[in-house]
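Values in this text are rule-based calculations from the coordinates and carry no lab data. What you see is a predicted model, and the numbers here were worked out from it, not measured in a lab. Here Cβ is always computed from backbone atoms with ideal geometry, including for glycine, and neighbour counts include all displayed protein chains.
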Amino acid sequence: MKKLLSVLAIVLFSASGMAQTGPKIEFKKETIDYGTVAKGEDNGLRVFEFKNIGDAPLVISDAKSSCGCTVPKKPTEPIAPGKTGQIEVQYNMNPGPINKTITVTSNAVNKDSGMIALRITGNVIVKEEVNLLEKKKAMPSS
């Protein structure tokens, strides 16, 4: 009987030690699709919203982009348990496909090494400008 109680106590103690306590991060979306946007008509700013679903303050220590054309801005203060935060991402709207990664480093215990990969996708086009003067010249005169 003592052995059974000892084994049961060890199992219960081990199970409680495996429960993750600490800050946990949960993003509404880990990918934002810009869709097809015209250069000059969109400022390229998007926001990744997240929540600390853990029981300790969440600290975002770094946010880096896969290139210099995308600038992430992280919160400067810890995010309290149950509160939300934002990672702002500014893309420079170079024409062509968008496929960039923003790597966020935090103290979240529910992510491997506290790292989360966020992505932006889409396509930037250059809107064709119609020169009214050239169009007028091309029209036959009456």
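Our estimate of slack between Lys29 and Asn94, defined as 0.36 nm per intervening residue step minus the Cα-Cα distance, is 21.1 nm. Ordered by the count of other Cβ atoms within 10 Å of each Cβ, fewest first, Met93, Met115 give Met115, Met93. Expressed per residue, the C-alpha convex hull volume of segment 18-71 stands at 122 Å³. With neighbour counts taken as other beta-carbon atoms within 10 Å, the residues Ser113, Ser106, Ser66 rank, fewest first, as Ser113, Ser66, Ser106.
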